[in-house]
Amino acid sequence: MRRSVLVVLLLLYSSFLYAQTTNEDHYEKGIELYHEGDLEEALQTWVDAFYQIKDTSLIDPRIGSTFIELVARNRMTSFYQAATEMYYWALSSTGEGEKEDFLRKEILKNEPIFDEYEFDDIEKLLKKDTHHAAKAILRKWESMDPTPGTRTNERLIEHWERIVYSKEYFTKADNTIFGTDDRAKLYIKYGRPELIFKGTLEHDTGVIYSSVATVADPSSDEVKKLLEEILKSHYPAEYEVWIYPFLSNEGRLVKIFGEKNSTLSFQEIEVVSDFIPSFAFNKSKGYSTPGGTYTPGFFLLHSYLEQLSTFDSYFSGQFIELNQILSFPTEGMTTVKFYTDGGWVFPFVRKKEAEMHRISIDAPTSESTYFKSLDEIDVDVREYGYYDEEGEPFTFYVMNSYPLSRMLDFMSKQEREDLKDYSLNHSVSLINENLSGFQKMKDNPELPFLSKSMAHPAQSIFKVSSRFNYEKLSFSIQLYDKLESNEPGDSLLPKSLLATGKFDINETKKPKPVNEFDLSDVMLGYQFDEANFQDEIPFLIAIDDKIPDFSNLFIHFQAVNLSLNTEQISNLSIELSVEEKKRGLGIFRRSKKNSVTANYQGSSSQIRESLEFELVDREAGKYELTIKFTDKNSGISKLKKLPFELVDTE
C-alpha cells in the first residue's frame, strides 16, 4: 500500500514535499540515499529533479538511467510509468561536458534494439551531434512502445531488465558497453534462447588418432610428430552455444561464445576454427599427401566439430564435409584451405558463416519475451492517395484488425456474454529519416461486427500529410479486458492486455502535387446500417475489395484541378457500370441494371464525394466496377477499373 501511495506522489509536484534548490546535485544525493539503504527516498529525490529542472541543459542524464536501472533490478512494477518518463527525460538532456559524455555512453547502450545498418547511422550522427543522436534514440523508443495508450513503455522496461540480468550473469569478460561479455548483446536483443549448450572443447585422443589413421600410418615418425603438434595446438577452451530456432524464416539462429584462441578472452566466436591457433594450420607442421597437406588444425577442427555436431546441423554439416575430405583426399584437398582474418579456414566453413549471416539478417531487429506469450491479432493496412484543399497530397492509411476470434475465445474462457467488456486501441507511429522526427496517432475503433462466413474488421483511418517526410510507419493494435486492472501482473504486461498485433510499412508512396485534372484513389466499401453521408467516409472501407452481399457498394472519390466555367462553377460527370466476371472463362458479362450516372457541381476546382451504387439481384462472385470521370467544362475524361468480390454471407 505504501508503494502505491509513493508512486502517486512521484507523479505529483513533489518539490513541495522536498524543498531543494535547482543547483543542488540531485544525482549525488540520490546515490547517497541509495547506499544508505533508502531506495524509495533516492527515487523520490530524482523525481523531484524531474519536476524542478526545466532547462534541458541542466538535466543530468545519469538520473534517468540510474532510476530505470534500479526500478528494473528491484522489479518495482508500480514505478514503471515513472521509470519510462524519467528515461525519456534523460535522453532529452542538452547538457555539455560530463553530462554529454555520459549521454554518449547511454546512446551506445541502445545498440541491441537496432539492426547493424540503422546503428551505423546512429553512430555517424553521434559523431556529429550527441544531442540529435539522443533524440533519435528517444524517437526509436517511442515508436517501439507496445501499448501507446498508456504512459509506460513495457519494451523499454524489458530492455533494462535484460541489462540488469546481463550485468549479473554475463561476467566472463567486460568488453561491452554494459561491462559484460558478448552474450549480453544477444540476450538484450532477443532474450534467453530456447537452447543453450555449454562445455569445454576436449582433446579426444582416440578420435584424433582414428582420424589421422584414415590418411597415414600412425606408427611412422612423421605422424607421431603430427600427433604431438595436434596436442600442442589444443587449448581446452570453454564454449557456450545459443540457438534460437524460431526467430528467422531462413533457419535456426546459432551463436557461439567462448575463449578465442588469439585473445584467450570469452567472446562471440565467428567460426569454430577461431578456437584453434593460426600456427596449427601451418603446412610445415602437417602431413603431406598427393592431394594436399593435413595440418594439425585440420584434425583439431574435425574433432571439435564432432563434439559440437549433436547440437545443430550448423556443426554437423561442417563435420560431414571434413569427413568427406578424409575419405576422398584427392577430391577434397584441392580446395581445403585459404588464409583469412589471421587464421587458416576452410571454404565451406566460410560458406556456413555466410548462411548464418543471412539468417541473422532475416531475424527481427529485436524481440520481446513477454509479448511472445500474448495471442497475436492479424493486421492489414492499405493506403489511398488524396489531396487537401490547397492541392497538397496526403494519404489515408486504412488499418484493419481482426480481433473477433480472439475476443470470442476469451469470452468463452472467462464466461462472459458481452463484447463490450473488451476494448481496442489502434495506433500508428511515423518515423522519418535518422529517427529525428516522430509522430504518433491513436484511435479506439468500434468493435467488429459478427456475421456468418465473413470476418469483419475493426477499422481506423489515419490521415497523414506528405509534408511530414516519414520513412517508416508502424501500426499496432492492443486488445484489452476493461474489467481487469491496467497494473502489471505476474509479468511486465498490464493484466488487462490480452492480445496484440503489428504491421510495418518500410517503403511508402511519395505522392506529388498535380497541376491538371486528376483523380484520387477510389475507396470501395459497404455498410451494416443506413449510411450517414454527413461523415467524411460514411462506410466501412473494403481494403481487400470484398463486399458482403447484404450491402450495396459504396464509393468515395476525389477529383482535383477541375476547370471552372465563366460562372466559376466546376462540373463533374460520373458514369458507373458493373460487370460480372464469368467463372473460368476470363471474360465479363454485363448484368441488368448495371450502370448509373451522377453529376456534381461546385464552386471549387475540387470535388470529393461518396455515393452508393445499388447491387440488385447479384450473386456472389467476382466483379469489375468501371468509373468514367468527365470534367464537363474541359471535356477531359479519365477512366478507372476496380475489381471487387461479392461475398455470400448467408
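General observations
- The range 162-183-the range 401-432 distance, computed between alpha-carbon centres (Å): 39
- Calculated over the range 192-362: convex hull of Cα atoms, volume per residue (Å³): 108
- Normalised alpha carbon radius of gyration of the range 514-650 [divisor 2.2 N^0.38 Å]: 1.11
- The amide H of Tyr287, built 1.01 Å from its N in the peptide plane, has Tyr294, Thr295 as neighbours under 5 Å, considering only residues 5 or more places off or on other chains.
- Amide H contacts under 5 Å for Phe644, placed H, 5+ residues apart: Tyr623, Glu624, Leu625
- Computed over the range 2-170, the range of Cα coordinates on each principal axis works out to 46, 34, 31 Å, biggest value leading.
- Sequence-distant lysines (8 or more away, or on other chains) whose Cα lies within less than 19 Å of Lys442: Lys140, Lys463, Lys472, Lys482, Lys502
- Tail beyond 36 Å, pair distance distribution of the chain (Cα, percent): 57
- Sparse-neighbour loop sites [GluC sites (Glu not before Pro); the range 148-198; at most 14 other C-beta within 10 Å; DSSP]: Glu194
- Electrostatic bookkeeping for Glu222 treats Lys and Arg as +1 and Asp and Glu as -1; over the other residues with beta carbon under 12 Å from its beta carbon, the sum is -1.
- Cα-based helix-to-principal-axis angle, 80-91 vs the chain, degrees rounded to 10: 80
- Share, in percent, of DSSP beta bridges within the chain that are antiparallel, nearest 5: 95
- Rg/Rh for the range 375-512 stands at 1.04; both radii use Cα atoms, and Rh follows the Kirkwood definition.
- Cα principal axis extents for the range 111-210, largest first, Å: 62, 33, 22
- A DSSP coil position with no more than 15 other Cβ atoms inside 10 Å describes the following GluC sites (Glu not before Pro) in the range 224-287: Glu250.
- The phi-based Karplus calculation (6.51 cos²θ - 1.76 cosθ + 1.60; θ = phi - 60°) puts the 3J(HN,Hα) values of the range 484-501 at 9, 6, 8, 6, x, x, 5, 9, 6, 7, x, 4, 7, 7, 9, 7, 9, x Hz, whole numbers, x for Gly and Pro.
- Summarising the strand pairing of the range 514-650, around 95 percent of its internal DSSP beta bridges are antiparallel.
- Antiparallel beta bridges, as assigned by DSSP with both residues in the range 375-512, represent about 95 percent of the total such bridges.
- 27 Å Cα-Cα threshold exceeded, pairs from Lys128/Lys185; Lys512/Lys581; Lys255/Lys351; Lys351/Lys509; Lys99/Lys124: Lys512/Lys581; Lys351/Lys509
- Hz values of 3J(HN,Hα) by residue in the range 360-369 - Karplus curve (6.51, -1.76, 1.60), Gly and Pro given as x: 4, 5, 6, 5, x, 4, 7, 8, 8, 6
- Helical runs assigned H by DSSP (4 residues or longer) give the chain a calculated mean residue ellipticity at 222 nm of -10000 deg cm²/dmol, each run adding -39500 (n - 2.57) before division by the residue total.
- Reducing the range 491-531 and the range 65-109 to their Cα centroids gives an inter-centroid distance of 34 Å.
- Simple spin-label estimate for His35 and Lys127 in nanometres, 7 Å along Cα-Cβ: 3.8
- Built amide H within the under 5 Å cut-off of Phe613, gap 5+: Leu553, Phe554, Ile555
- Sites Ser220 and Ile320, calculated FRET efficiency, Cβ-Cβ separation with R0 25 Å, nearest 0.05: 0.35
- The slack between Ser57 and Ser465, meaning 0.36 nm per residue of separation minus the straight C-alpha distance, is 143.6 nm.
- For the range 393-406, the Karplus equation 6.51 cos²θ - 1.76 cosθ + 1.60, evaluated at θ = phi - 60°, returns couplings of x, 9, 10, 8, 9, 9, 9, 10, 10, 10, x, 4, 5, 5 Hz by residue, with Gly and Pro reported as x.
Readers should treat all values here as calculations from the given coordinates under stated rules, not as data from a laboratory. Since this is a predicted model, take the numbers as computed values, not measurements. A quick note on method: Cβ atoms are made from the backbone with ideal geometry, for glycine too, and the neighbour counts reach across all protein chains shown.
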